1. Please state, as a whole number in µm²/s, the translational diffusion coefficient that the Stokes-Einstein equation yields for the stretch 31-78 at 20 °C and 1.002 mPa s, with Rh defined as the Kirkwood radius across alpha carbon pairs.
2. Take the Cβ-Cβ distance between residue 119 and residue 6 as r, set R0 to 41 Å, and report the resulting FRET efficiency rounded to the nearest 0.05.
3. Where in the stretch 99-138 does the label zone of residue 153 land, with the point 7 angstrom along Cα→C-beta and an amide N cut-off under 20 Å?
4. Taking each pair of different alpha-carbon atoms in the chain once, compute 1/r for the pair, average those values, and report the inverse of that mean as the Kirkwood hydrodynamic radius in Å to one decimal.
5. Given points 7 Å out from each Cα along the Cα-Cβ axis, report the residue 136 to residue 53 separation in nanometres with one decimal.
6. Could you identify which residue out of 85, 139, 36 has the top mean-square fluctuation in a GNM of the chain using Cα springs shorter than 10 Å?
7. Round to the nearest 10 and give me the degree value, 0 to 90, for the angle of helix 6-15's Cα axis relative to the longest principal axis of the chain.
8. Ordered by packing density, taken as the mean number of other Cβ atoms within 10 Å over each peptide's residues, highest first, how do 99-105, 20-26 rank?
């Protein structure tokens, strides 16, 4: 596996092997792309915030949906990393891989580990996706292997089933 540079990301997008909608040049980093916040869901308060600033209570779990809809090609996978500015505010997050062949927005599980509330503006860049090229095409892509979240938009939580965007 090799990490894609900004040059590689643009080339793969031109070739149709990768897509990011909407795409903002300023969000492209030397070795990835910064994803921004479309929506925040705070189950403890049954709140969905889609504009303005979300106020996350102390010691509270919440979920974020990315604004960007990503389309991973057959030989592209991604890793998600929190931006250090949020880690410094006490936000913890669980990140994983974005599978080859996945299409959709991303739902990110987060926790405010501080003993006071934290403000998070909607639309702000929250995490970076680092794209990697697989050495060979997988035998089955995401949509065939599991595909449970294929083409999702907004926050989708498997546990409750009721958190899909309304």
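1. This corresponds to a translational diffusion coefficient of 168 µm²/s.
2. The calculated FRET efficiency here is 0.85.
3. Residues passing the 20 Å test: 102-108, 122-124.
4. When all Cα pairs of the chain are included, the Kirkwood radius is 16.4 Å.
5. Here the answer is 5.3 nm between the modelled labels.
6. Maximum fluctuation in the GNM of the chain, among the listed residues, is at 139.
7. Here the helix axis deviates by roughly 70 degrees.
8. Packing order, densest peptide first, comes out as 99-105, 20-26.
Laboratory data are not the source of any read-out in this text; all were calculated from the coordinates shown. Every value quoted in this text rests on a predicted model; they were computed, and no experiment measured them. For neighbour counting, all protein chains shown are included, and Cβ atoms are generated from backbone atoms with ideal geometry for every residue, glycine included.
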